[in-house]
Structures are given as C-alpha cells and as structure tokens.
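Below is one structure, written out as structure tokens; the observations come after it.
We did not get these values from a lab; they are worked out from the coordinates using the rules stated. Bear in mind the structure is a predicted one, so any value in this text is a computation, not a measurement. Here Cβ is always computed from backbone atoms with ideal geometry, including for glycine, and neighbour counts include all displayed protein chains.
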Amino acid sequence: MFQKFRFRLIIINMVLVSAVIVISFFTVYNVTKQSLEQQSEIIMHGIAKDDGKITSVNGDLKNTKNPANIILDKVFCTRVSKNGDVLEYLQVSDFNQMLMKNISIQALSDSKLKGFLKHESYTFKYIKVEKEYGSILVFYEISSENYIFNRILTISMIVFLISLIFIFLISLYLSNKAIKPVKASWEKQNIFVADASHELRTPLAIIKSNLEIVMENKEESIQSQGKWLSNVDREIDRMSKLVEELLFLVRVDMQHEKMVFDKVNISYVINNLIDNFKPLLNKKFINIVSNVETDIIAMGNEGRIKQLITILIDNAMKHTPQGGMIDVKLIGNENYYEVIIRDNGEGIPEDEIGKIFERFYRVDKSRSRNYGGAGLGLSIADCIVKEHNGKISVKSELGKGSEFKIRIPYKRMERIDTDG
Ligand SMILES: Nc1ncnc2c1ncn2[C@@H]1O[C@H](COP(=O)(O)OP(=O)(O)OP(=O)(O)O)[C@@H](O)[C@H]1O
Ligand SMILES: [Mg+2]
C-alpha cells in the first residue's frame, strides 16, 4: 500500500516539477524570440520607409553593444521598378550580387508582403513595401539567429532530461521522508487496534464460558449460579471500562473534542478522592498519608483531573503490598501546582520506566490482568496532563517504591472555554 502511495507521490511530484520547468522555459524562449522578431521587423520597416537607407546606430555598424547594429549588418534591400525590374541593391554588408538577385527574384515571384525564404544555407526574412517607383524589398538574413535558437532548444532538452533524473532522485528522497511518519502512525494504529481487540477478547471469553455453565444448568436457581453470573458482571464492567478508555484515546488522537476548562479547586478534588479510596485501602491494610495544601485553584477540567489522580492512586494501591504506605502531596507555587503520589510498593524495573506510558504496556502482563488492568491508565494520564499543558514524571526503584509527579500550570488561557 505504501509502495503504491509512494510511487504516486513521485509521479505527481515529477509531473508538476517538469510542467513548471517546461512552462518557464518556453515562456522565456518565446518571449525572447518574439521580441527579437519584433525588433527586426521594426528595423526592416524603418529601412523601407527611408527607401533603403541603412544607417547604423551611433554611426558605427561594428558597435555590437546595440543589438540593432547586429541586425543591420545582415540586411540588404532591393529597389524594384513597377514592371518588376531590379533597379538597385543596397547593403552595408557584403552579400554577393548573385545571391541578392536570386533571393529578390524568389521574393518577387511570391505575392505575399512578408515571409521567409531559403537559399542554399541562408534563411531570409523579407518585407515588401510599395513605393512611387515600384516597390522596395528589405531582406534580413536570420540563419545564425535560427541556429542559436535551435541550439538553445537542443541544449535545454538535454538539460531537462538530466534534470529529470535529479528530480526523480529528489522525489524519491522526499517521498521517503513524507511517508515515514504516515507509516509509523499507521503501524501504531494497527498495533493499537490489535491490542484493543486482544484485550476485549479475554473478558468476552470469560463471559461466554461462564454463561455456558449457567446454560448447562438451566434448572438451577439464579442464586445458586450467582458465582458465574457475578463473573459475567465483573467482566462486563471491565469491558465497559476498557471501551470507555479506548474511546477517550481515540478522541484524543483525532483531536475531536477540546476539554472544557473551568476553575477547579484541586485541593478539594484530591481530598475527596483520598476519602473515597480510604475504605479500599483500609481493606488492603495500606496506610494513606496526605499533605494537601488548601485552596489551590486552577483552570482545568474537573472530571479529567479526578480521572488522572484516580489512575495514579489506583496504580499505587495495586502495586503496594499489605502494610504499605501511599503518600499524596499537593503543593502550589506562583505558576503551577504539583501533585506527588508516592508509594513504598514493588517499584518498576529501571529499563521499563520509559515504557509504562505506552498504550497497553504492563510490566507484568499476567499479574496486571488479574486485577483488571489493560495497561491504558498511564497513557490516559499522560494525555490528560498534556491537555492541561503539564508534565508527568516518574522515579522508581525496584522493591522500594515509585513516585509519580504531575506539574500543571494554573492557567491555559487559550483553553478556557468559560468565563473562569
Ligand atoms: N505505582 C506503581 N508501582 C509499580 N508499578 C507501577 C505503578 N504504576 C504503574 N506501574 C506499572 O506500569 C504499568 C502501566 O500502568 P497503567 O496504569 O498504564 O496500566 P495498568 O494499571 O496495568 O492497567 P489500567 O490502568 O489500564 O487498569 C502497570 O502495569 C505497572 O506494571
Ligand atoms: Mg493503572
């Protein structure tokens, strides 16, 4: 697929660049040619008007600084009587009499008032003007001009063909560069879909097998089958959580919706969450210590901030053994506030710290799945922090514990959708 796209990109690029080169060249070529033709015609008519008087510009015909002199050097005139006899040849150059005669006869035999004539290796342009004694013919020899223009055409064609090779190589290089990020995001997306399907398959398989047991014992009461049904219920909860998380990430990727920001009392939110977690933590014999500065108010999306802190406390709780401790701290300074969530749990291996914010990444996959983790929590946390223009960092030591630190600036005026 990418090969085809790349090929198309190269072709389009080459066609467009070639078209620009060809159009530019022919414009310059034609304008130059036409202006030279016009100039020579003006001079030829001037000579005819002066009845064959060929006068150089600035008095010196060899003064080639003026292009008109170059033209004059290649001009001759023939005065012809009313009955067609040649009266006189006039020139400042050295065309031989025979040539002038032959050319004049050719021009006279033609009824046109201007045109082109070929004689031996010469090409002449001529005009015919009526006079009281008959007519005057002005000839201008254009072989060298034609030769130069033909040379320009040939050389340009060669240069164009060589340029095509360069354009091809440049297009190849550019298409490669352009496709790389598209390919990377396509692959990332594919991995995401594959991981998501895989994560959804597990709860679906559990639901199916539990329902099968229930169906096999149709005569049993719902109460007696409660174990299987509660497994189904738990897995459905797990699936809805997963689907919700996936939807959130997809929306962030597509940049579909901007978070609505409002004034949020961060201190209140955190204290509330700690209170909500306390019964669960008590059950696991984990002690929670909090050090929350009062009345830290910042612009943000309250729902998402709650989700962010929940993800971090939930992780700390999952990875701290009985009798452990979780410390939640909120401090603010002039520009930003920081939330630090520390635990003295199992910690994260050093070489995995960099990966834990990746989607679906879990240090211990089988263990995490046991408590329902799909490995999306921290990637969602990272998105929320970024939406708040903040930063999330982690320090951890295996066997000693982990510390997650979030730093968020108070205001992001461009994101404030309400009066604040
Ligand atoms: N406080 C922590 N202590 C030790 N390891 C942690 C901690 N927080 C996160 N991790 C590791 O980082 C991994 C990724 O965390 P994340 O929150 O993204 O996923 P999860 O908790 O496994 O699943 P989910 O949050 O989607 O339910 C976890 O599986 C765990 O291995
Ligand atoms: Mg988690």
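Evaluation of A316 against the conditions (1) in contact (Cβ under 8 Å) with a residue 60 or more places away in the chain; (2) among the small types (G, A, S); (3) more than 16 Å from ligand 2 (Cβ to nearest atom) shows that the sole unmet condition is (3). Checking each residue in the stretch 235-271 for being in contact (Cβ under 8 Å) with a residue 12 or more places away in the chain, in contact with a Lys or Arg (Cβ under 8 Å, 6 or more places away or on another chain) and not aliphatic (A, V, I, L, M) picks out K258, F261.
Please state which one of L330, L281 is more than 16 Å from ligand 1 (Cβ to nearest atom) and touching a residue at least 40 places away in the same chain (Cβ under 8 Å).
L330
In a residue-by-residue description of the stretch 149-159, the property of being closer than 30 Å to K53 by Cβ and hydrophobic (A, V, I, L, M, F, W, C) applies to at least one position.
Filtering the stretch 265-318 to residues that are part of a loop (DSSP other than H, G, I, E, B) and over 19 Å from D382 (Cβ atoms) leaves K284, F285, I286, E293, T294, D295, I296. Output yes when any residue across the stretch 242-253 is of a type in the set (V, I, T), farther than 30 Å from T294 by Cβ and surrounded by fewer than 17 Cβ atoms within 10 Å (Cβ to Cβ), and no when none is. Within the stretch 242-253, one or more residues are of a type in the set (V, I, T), farther than 30 Å from T294 by Cβ and surrounded by fewer than 17 Cβ atoms within 10 Å (Cβ to Cβ).
Scanning the stretch 337-368 for residues that are under 25 Å from V292 (Cα atoms) and among the small types (G, A, S) gives G345, G347.
Among the residues of the stretch 284-300, is any in contact with a helix residue (DSSP H, G or I) (Cβ under 9 Å, 6 or more places away or on another chain), of a type outside the set (K, R) and near ligand 1 (Cβ under 9 Å from one of its atoms)? Give the derivation first.
Just the residues of the stretch 284-300 that are in contact with a helix residue (DSSP H, G or I) (Cβ under 9 Å, 6 or more places away or on another chain), to begin with: 284, 286-288, 290, 292-300.
Those still in the list that are of a type outside the set (K, R) too: 286-288, 290, 292-300.
Right, trim to near ligand 1 (Cβ under 9 Å from one of its atoms) and you get none.
No, there is no match, as no residue in the stretch 284-300 is in contact with a helix residue (DSSP H, G or I) (Cβ under 9 Å, 6 or more places away or on another chain), of a type outside the set (K, R) and near ligand 1 (Cβ under 9 Å from one of its atoms).
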